[in-house]
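J.: Before we start, here is the structure in question, set down as structure tokens.
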Amino acid sequence: PKTHRFMTLADHISHIITQDFARNQ
Amino acid sequence: AWPVSGAECTSQQIWESFSQCFTPAVKEVVEFAKGIPGFQELGQQDQVMLLKSGTFQVLMVRFCTLFNAEERTVTFLNGQTYPLSTLRALGMGTLLDAMFDFSEKLGSLGLEPDEMALFMAVVLVSADRSGILDMQAVEQLQEGLIRALRSLITRRRPDENTLFPKLLLRLPDLRTLNNMHSDKLLAFRID
């Protein structure tokens, strides 16, 4: 059976943005 | 684009596809923001705060053409089109109704691509200011972009003086959409 992780839309957006800025530091 | 093969897909597959669509879309908003004159002159924390508050709203504007109000269908980034009835099964009824309503109102304004892009920039810098450190810098940037948008629209349509106010009225609509739906859950499959 497939398992999923769940994330709110807001948290998902935050996560991507934080990752992007950290990568470009 | 995420390959989801069509009418025989399960709700789970549609939901995963929908969730996966957001990641590249969010990254594109970050790149878009970096291209807004003055955005990268803001402090980094303020850039991050505006993006966190405003990205969904920018995406809502960007993807409004994917909502077909007449047919009541939504086209995902992979080109697959789903009727509203299918998407309601994912529990997204209220969200979609509000998005259709917004898309219809924005679409009726008939913006050109450059006007739409400048409007998206205004949307981003008009996002919620909680956590912003240099309020004055953000307000100055917002004022400059709004002036530029007004100038662009009124130069192109000198006889139409209701378009710009109508456009600005979409900003509170976007904030409402954002507030209502930022706590919606996305589902990512763990492989």
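J.: Per the Cauchy relation, a quarter of the hull surface: what is the mean projected area of the convex hull of the alpha carbons in segment B:15-90, in nm²?
T.: Seen from a random direction, the Cα hull of segment B:15-90 projects 5.9 nm² on average.
J.: Now, a different point. Could you work out [θ]222 nm for chain B from helices alone, using -39500 (n - 2.57) per DSSP H run of at least four and dividing by all its residues? Round to the nearest 500 deg cm²/dmol. Intermediate values should be presented prior to the final figure.
T.: On the way: 8 runs with 116 residues, N = 191.
That calculation yields -19500 deg cm²/dmol at 222 nm.
J.: Next question, about the same structure. Restricting everything to alpha-carbon atoms, can you work out Rg to Rh for the protein assembly as shown with a Kirkwood hydrodynamic radius?
T.: Numbers: Rg = 17.9 Å, Rh = 18.3 Å.
The Rg/Rh ratio comes out at 0.98.
J.: Something else about it: Can you list the HN-Hα couplings for segment B:131-147, worked out from phi with the Karplus curve (6.51, -1.76, 1.60; θ = phi - 60°), rounded to whole Hz and with x for Gly and Pro?
T.: Listing the rounded values in order: x, 6, 8, 10, 4, 4, 4, 5, 5, 5, 4, 4, 4, x, 6, 5, 4 Hz.
J.: Can you work out D for chain B in µm² s⁻¹ from Stokes-Einstein, where Rh is the Kirkwood radius over C-alpha pairs, the temperature is 20 °C and the viscosity is 1.002 mPa s?
T.: 121 µm²/s
J.: While we're looking at this one, here's another question. Compute the signed sum of charges (Lys and Arg +1, Asp and Glu -1) over the other residues within less than 12 Å, Cβ to Cβ, of B:PHE67.
T.: Working: positive: B:ARG62, B:ARG72, B:LYS105; negative: B:GLU70, B:GLU71, B:ASP97, B:ASP101, B:GLU104.
The answer is -2.
J.: Give the Rg (one decimal place) followed by the Dmax (whole number) of segment B:124-184, computed from C-alpha coordinates and expressed in Å.
T.: Final numbers for Rg and Dmax: 14.2, 42 Å.
J.: Still on this model: Under the Karplus relation 6.51 cos²θ - 1.76 cosθ + 1.60, θ = phi - 60°, what is the ordered set of whole-Hz ³J(HN,Hα) values for segment B:171-177, x standing for Gly and Pro?
T.: So the J values, rounded to whole Hz, are 5, x, 4, 5, 5, 4, 4.
J.: Here's something else I'd like to know. Through the Karplus equation 6.51 cos²θ - 1.76 cosθ + 1.60, θ set to phi - 60°, convert the phi angles of segment B:54-62 into ³J(HN,Hα) values in whole Hz; use x for Gly and Pro.
T.: Using θ = phi - 60°, the values come out as x, 4, 4, 5, 4, 5, 4, 5, 4 Hz.
J.: Among all the aspartates and glutamates, which ones have a C-alpha under 16 Å from B:LYS34's C-alpha, if same-chain residues fewer than 8 places away are not counted?
T.: Excluding near neighbours in sequence, the set is A:ASP20, B:ASP46.
J.: Could you please report the charge total around B:MET99, scoring K, R as +1 and D, E as -1 over all other residues with beta-carbon less than 12 angstrom from its beta-carbon? Could you put the intermediate results ahead of the total?
T.: On the way: positive: B:ARG72, B:LYS105, B:LYS184; negative: B:ASP97, B:ASP101, B:GLU104, B:ASP173.
Around B:MET99, the surrounding residues sum to -1.
J.: Counting only other residues whose beta carbon sits under 15 Å from that of B:CYS21, what net charge do I get with K and R as +1, D and E as -1? Walk me through the intermediate numbers first.
T.: Working: positive: B:LYS27, B:ARG62, B:LYS184, B:ARG189; negative: B:GLU16, B:GLU28.
In short, +2.
J.: I've got another one for you. So what is the relative contact order of chain B, in percent, for Cα pairs below 8 Å that sit 6 or more residues apart?
T.: On the way: 173 pairs, mean separation 55.4, N = 191.
Across chain B, relative contact order equals 29 percent.
The numbers here are math on the coordinates, done by the rules we state, and not lab data. Since the model is a prediction, treat every value here as computed from it, not as a measurement. Ideal geometry is used to build each Cβ from the backbone, glycine not excepted, and the neighbour counts take in all protein chains shown.
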